[in-house]
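Encoded as structure tokens, the structure appears first; notes follow it.
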Amino acid sequence: MQSMRTLPLIFAVICLGGPGATADFSDPTWPCIQRKVERLSVGLMWPHPIEEVTLPKQTETAMKDLVGRFTLRRLELEEIAPTLDDFTAEYGTDRALLGAVFARTFDRLAATRTTIMKGIEEYSLSQIAMAENIGETRTEMDSLLAADSPDYDRIDALEAQLDWDERIYVDRKQSLTYVCETPILLEKRLFAIAQMLLNAAES
């Protein structure tokens, strides 16, 4: 069985691209420093085959509650540990059962991550479009100012629009760090959940 001590190393390779990894800005839909990993692999986090399990209704209900807590990001995993202890005390530590818990948790958090990454892509394209608009506004202002009879009303309107667009652009750019960290935080959470469940299965 793959040692859980290797999981943080695997995580670092996935998220950072290995030693010497640098940001690749060739993809205009990905503005983040972190390397773009479109899909996660459950096999890199759970080192056993995921088995199909048929559960009694009571077990199924308890599993849904546990998975719901794991996927609720505002809950720290330390807060969920007692619920996991209660679950394993009641329903056992069978690896197939805990693998099913992880598989369901993985599916939900991976879907959330995909939605967030699509949002980042749209965010990036929006920033590119706004940068182009800012450039066009500046060009028009320069042309108007260079005219023999400048249209100052139009220049004033363009200046106000430019100030507004630049402020929005900068605010969005400043929030980019948090936006880009979110997929990484989800990956970290999944790895930590996998380790919790593996520990429970081995105890």
request  = Any residue in the range 190-201 that's in contact (Cβ under 8 Å) with a residue 40 or more places away in the chain and of a type in the set (Gly, Ala, Ser): show its pairings with residues that are buried (at least 23 other Cβ atoms within 10 Å of the Cβ) and part of a helix (DSSP H, G or I) at Cβ separation under 7 Å, as long as the two are six or more apart or on different chains.
outcome  = Ala194/Phe102; Ala200/Leu98; Ala201/Leu98
inquiry  = Any residue in the range 102-128 that is closer than 19 Å to Leu186 by Cα and open to solvent by 60 Å² or more (accessible area, probe 1.4 Å) sitting within a Cβ distance under 6 Å of a residue that is assigned to a helix (DSSP H, G or I) and hydrophobic (A, V, I, L, M, F, W, C)? List the pairs, counting only those 6 or more apart or interchain.
reply    = Arg104/Val67
remark   = Residues of the range 149-171 being of a type in the set (Phe, Trp, Tyr), within 32 Å of the chain's Cα centre (by Cα) and open to solvent by 90 Å² or more (accessible area, probe 1.4 Å), in sequence order, are Trp164
task = Among residues belonging to the range 35-52 that are free of Cβ contacts under 8 Å to residues at least 60 places away in the same chain and outside any loop (DSSP other than H, G, I, E, B), point out the one that is most open to solvent (accessible area, probe 1.4 Å).
result = Leu44
key: Residue check for Asp142: open to solvent by 80 Å² or more (accessible area, probe 1.4 Å), at pLDDT below 95, part of a helix (DSSP H, G or I) and farther than 30 Å from Trp46 by Cα   = yes
Single match in Val13, Val37 (criterion: at pLDDT below 85, under 17 Å from the mean Cα position of the chain (by Cα) and among the aliphatic types (A, V, I, L, M)) = Val13
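The values are calculated or read from the model by the stated rules, or taken from the named source; none is laboratory data. Everything quoted here is computed from the prediction, not taken from an experiment. Please note: Cβ atoms are built from the backbone with ideal geometry, for glycine as well, and neighbour counts cover all protein chains shown. All accessible areas refer to the heavy atoms of the entire protein, side chains included, with ligands and DNA or RNA removed. Shrake-Rupley method; radii C 1.70, N 1.55, O 1.52, S 1.80 Å.
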